[in-house]
1. Note down, for segment A:6-176, the three equivalent ellipsoid semi-axes (square root of 5 times each alpha carbon gyration tensor eigenvalue), biggest first, whole angstrom.
2. Quick one: net charge of B:T200's neighbours, Cβ under 12 Å, K/R +1, D/E -1?
3. Less than 20 Å from a label point 7 Å out along the Cα-to-Cβ axis of B:M330: which backbone N atoms in segment B:295-312 qualify, by residue?
4. Where in segment B:279-315 does the label zone of B:S48 land, with the point 7 angstrom along Cα→C-beta and an amide N cut-off under 15 Å?
5. Size of the dipole of the protein assembly as shown about the Cα centre, Lys and Arg at +1 and Asp and Glu at -1 on the beta carbon, nothing else charged, in debye to 20?
6. Provide the solvent-accessible area of B:M330, counting protein heavy atoms only and rolling a 1.4 Å probe, rounded to the nearest 10 Å².
7. Mind grabbing the base-10 log of I(q)/I(0) for segment A:1-63 at q = 0.18, 0.28 Å⁻¹? Debye formula, identical points on the C-alpha positions, no solvent, two decimal places.
8. Of all trypsin sites (Lys or Arg not before Pro) in segment A:20-107, which ones are in loop regions per DSSP and have a Cβ with at most 15 other Cβ atoms within 10 Å?
Amino acid sequence: MPLTSPKHARLHRKLLTVSEHLAMLGIAILAGLAVYTVTDIILRLFSLSLPGTVDIVSYGLAIAIATIMPYGFLADQHISISAGIDRLAEKPRAILAALTKLISSIFLAWLAGSTFLYAADRKEVHDTMWILNIEIWPIWYVLAVLFIFTFFASLFQAWIAIDLALSTLTRQKVEKS
Amino acid sequence: MNYDAWIGMAGFAGLLFIILTGVPIGIAMAVVGLIGLWVLIDGYGALSVLKVIGLQDLTNYNLSVIPLFIIMGLFASRAGLSARLFGAAHAFVGHYRGGLTFATIGASAAFSAICGSSLATAATMAKVALPEMKAKNYEDGFAAGTVAAGGTLGILIPPSIMLLLYAITTETSIVDLFAAALVPGVLAVLFYLLTIGIVTRMRPGSAPASAKSSWKERLNGLSEAASVIVLFLLVIGGLYTGLFTPVESAAVGALATILYFFLSGRASKSGDLKETILECAGTSVMIFLIVVGAGVFSFFMAISGLPRVFAEVITAAGMPPYVVLLAILMLYLVLGSFMDSIGMMILTIPVIFPLVQALAPDIGMTATDAAVWFGIFVVIVIEIGLMTPPLGLNVFVIHGAARHIPMASIYRGVAPFWLADIVRLLLIVAFPGLVLWLPKLL
């Protein structure tokens, strides 16, 4: 997406750097889960096992995906259909792009809010992992915080898109007059 | 149709509209699903679904196969395994007329056995095979068409990301689907080789023969490609024999390819490791978002009862089951001409899958068999879509890697392989045993 001002560009660069580091951390977590699983397989040959592999992998996966998510939004890593929009004129295309980014932001706000509520809910009932007797609410709070960061990343994208739409409208008005 | 089904219908139409405005498919499905559930149940119910389905999917142990198989495929692609496979295949068949195209199909099939993505297979093979074929005066269109066709093997030959997604959304056994894909995958390779044979016989100038390799060169090539064979035997062999669960098999594959990537020296190349990691990250989160969105949307569809009503209407109309299957094929070909393959599958499965389940007795299958068979049917149709104009994503990937070849030439080059795929699909419809034989045996 084109950036309309140097201020936007600087902020985008900063957010992207942070999100790239988080994404690399996410993939490192996934690699760690692979190591844990393979170690468990090897130990199985000696009739031994690592504790709670399913629990570790399940919650590790959630943390890894939530850690990667801001990068996904900032780098526009989505499956979407642009064939219809590409054929539109510049003005409706810019407005539609802003709207789609806003929809993503609203959904992420919803997701972050639900995760916070869910974390509070899990804390209240002292919910634990299936095999390991560890309370899960701190993990859900971590996920909620990561979703909030993703929400801000998405909101930033929406802000840029709205700014772009507004500048397109203004430019076209000036050109007309 | 009752009120709920009409809401389901409105939701489906709304989803199509929102997707056409460019909203990411995963988010569009989740948003429409939540709004639909809000209307059908209430706000609290919709939020509960987001917690139960959306959030629980994040901690679903079985879903960890997705990012792990993605890591395996992308690290293998970046570690240069495709070039080694092509070199080995070239050493054995390069001296035949069309030898490099035979080698491309062979290497693509072998690479597909460790990489579950069609686009990754096409992109990596384009970089390896196209320059070689250009140097040997192969006809551009035919060479590019072969790479595009070979790339489609990536989503059929296990481990396939597309089959994983199908397994997750329809709750079908991954092991059964991976086993079912093997025979159609081998058939695809044989049909492509046969197609090359026919084309080179009709147009000998399109693909000249290279010099014959010595046995020393062949053995060298084989030893270079041995790592792929070992990896495939370990990952997929372990899965088929029940030695590993799907998650364990994906973990073994991911770890082995990461190690191979580091041992191959690619990690020391500036930016290569970071690029590979970010590619894995982007692809994983993109697919995960779709899985979560599809989970919410499928729940909305199930609550609305639309798939059941749709299946009842079709079966009550008394249409022969093969006509229905033909209509499904046409639908996918039309959708495939403007939609991404993952989006197309995830979007249609909640409605089409129950219909196929309802038709199962009419086509002589149990519901479980139909689920496995239809998974392979859908993936083959999607394979065809990857080569069908105007979208044909594999063709775009090849064009991106070889700008000098016009799109029209690539489409012409792909046409014989497209026909071969149609024949294969008809065979699989006529003889479902080709798909169901191996899962039943295991």
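The values are calculated or read from the model by the stated rules, or taken from the named source; none is laboratory data. What you see is a predicted model; the values in this text were computed from it and never measured. Don't worry about glycine lacking a Cβ; one is built from the backbone with ideal geometry, like all the others, and counts go over all protein chains shown. For the accessible areas, the whole protein counts, side chains as well, though only heavy atoms, and no ligand, DNA or RNA atoms are used. Shrake-Rupley method; radii C 1.70, N 1.55, O 1.52, S 1.80 Å.
1. Details: eigenvalues 345, 64, 35 Å².
So the three semi-axes of segment A:6-176 are 42, 18, 13 Å.
2. Working: positive: B:R97, B:R201, B:R203; negative: B:E139.
In short, +2.
3. What the label zone holds, given the 20 Å backbone N cut-off, is B:310-312.
4. B:300, B:303
5. Values: 34 positive and 32 negative charges, 406 e Å.
Charge dipole, the protein assembly as shown, about its Cα centre: 1940 debye, nearest 20.
6. 100
7. Cα-only, vacuum Debye calculation for segment A:1-63: -0.71, -1.08.
8. Numbers: sites: A:R44, A:R87, A:R93, A:K101; in loops: A:R87.
Counting only loop positions with at most 15 other Cβ atoms within 10 Å, the trypsin sites (Lys or Arg not before Pro) in segment A:20-107 are A:R87.
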